[in-house]
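**Student:** Right, I'll just put the structure down here and ask away after.
Read-outs: derived from the displayed coordinates by stated rules, not from any lab. Keep in mind the model is a prediction, meaning the values are calculated, not measured. Cβ placement follows ideal geometry from the backbone for every residue including glycine, while neighbour counts extend to all protein chains displayed.
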Amino acid sequence: MDSDPSALAELESLGLRKVPVTVVGDRTIVGFNREELAQALQLSFTKEVKTADQSLFDSLDRILGAVARASRQVPPDRFMWKTPDRDRPMRVFCYHILADPNHVIEAISTQKYDGSFKLAYAEASERFNNMEEIAQFGEETRARLRRLSQSINPQDIDRPIDAYSGRTNGHELLHHVLGHTAHHLRQLYDCLHKLGVNPSDPLKEEDFSGIKMPQDLW
């Protein structure tokens with residue numbers, strides 16, 4: 001979308017501004033909704049039942065702690081260094097990783113997850129002047145998740161949520177943000193290496209065991 005105006009114009013002609021979008025005949029599917037895609041493409045599909053238990057919250061807390069720790073290691077003069085995948089400064093990248101669990105918490109409360117926050121990462125990150133401030137924001141996110149894990153009513157996580165990729169619930173979103181955060185942590189480690197920095201106390205492969213995430217790093 002960023003580099004192809006014609007693709008953006010085609011997307012807008014459908015009344016949309018977010019990707020991914022799949023069009024099958026006269027049916028438009030926004031987001032990666034496996035169930036809807038399987039129906040549209042006439043494929044067999046068995047929906048996996050996911051549960052967000054305490055072990056998930058523990059894993060997410062550990063990974064977010066590693067993200068905050070690695071964020072602090074970004075050299076001050078590399079604050080606006082761009083990640084290899086796109087025109088995205090480290091400030092925006094690290095903020096994005098540490099902010100997303102907050103949107104899941106809000107979705108569990110409001111039962112809405114429209115993805116509009118994805119368009120505001122750059123603007124929202126401008127309030128941070130250095131990586132220490134971003135890391136402190138990450139610690140606030142961790143604290144918020146700990147409070148949620150201790151006080152959440154199981155029925156609240158079960159409630160349906162209207163998301164940009166279709167109907168979901170808190171269990172699925174928490175599993176999604178766990179995989180998303182773990183994948184980005186691996187990318188952050190790669191960025192540090194590219195900047196000539198060895199990650200401090202990095203997580204080991206066993207810390208990612210059982211977490212679903214993309215196989216490709218970038």
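**Student:** Once you list every other residue whose beta carbon is under 11 Å from the beta carbon of Tyr121, what net charge do they have if Lys and Arg are +1 and Asp and Glu are -1?
**Tutor:** 0
**Student:** Follow-up. To two decimal places, what compactness ratio does the range 54-208 give when its Cα radius of gyration is scaled by 2.2 N^0.38 Å?
**Tutor:** Output field value: 1.04.
**Student:** Counting other C-beta atoms within 10 Å, and keeping those with at most 13, which DSSP coil trypsin sites (Lys or Arg not before Pro) do you find in the range 105-141?
**Tutor:** Arg127
**Student:** Which FRET efficiency value, to the nearest 0.05, is calculated for Val24 and Gln155 with the Förster distance at 35 angstrom and r the Cβ-Cβ distance?
**Tutor:** 0.50
**Student:** Run the numbers for Asp207 and Arg86: contour at 0.36 nm per residue of separation, minus the present Cα-Cα distance, in nm. Intermediate results must be reported in sequence, preceding the final value.
**Tutor:** On the way: separation 121, 0.36 × 121 = 43.56 nm, distance 2.73 nm.
That works out to 40.8 nm of additional length.
**Student:** Give me the one-decimal nm value for the distance between modelled label points at Leu217 and Asp53, 7 Å along each residue's Cα-to-Cβ direction.
**Tutor:** 3.3
**Student:** Roughly how many debye, to the nearest 20, is the charge dipole of the range 54-208 about its Cα centre, given +1 on each Lys and Arg Cβ, -1 on each Asp and Glu Cβ, and no other charges?
**Tutor:** Result for the range 54-208 is approximately 200 debye, rounded to the nearest 20.
**Student:** Further question: Quick check: net charge around Gly170, other residues with Cβ under 13 Å of its Cβ, Lys/Arg +1 and Asp/Glu -1? Present the calculation step by step, with values, prior to reporting the outcome.
**Tutor:** Numbers: positive: Lys50, Lys112, Arg159, Arg167; negative: Asp53, Glu106, Asp156, Asp158, Asp162, Glu172.
Computed value for this residue: -2.
**Student:** Can you give the local net charge around Ile108? Use residues other than it whose beta-carbon is closer than 12 angstrom to its beta-carbon, Lys and Arg +1, Asp and Glu -1. Provide the component values of the computation, followed by the final result.
**Tutor:** Details: positive: Lys112, Arg144, Arg159; negative: Glu106, Asp156, Asp158, Glu172.
Here the count lands on -1.
**Student:** So for the range 53-115, what are the equivalent ellipsoid semi-axes in whole Å, largest first, each being the square root of 5 times an eigenvalue of the Cα gyration tensor?
**Tutor:** Numbers: eigenvalues 133, 55, 13 Å².
Taking √(5λ) for each Cα gyration eigenvalue gives 26, 17, 8 Å.
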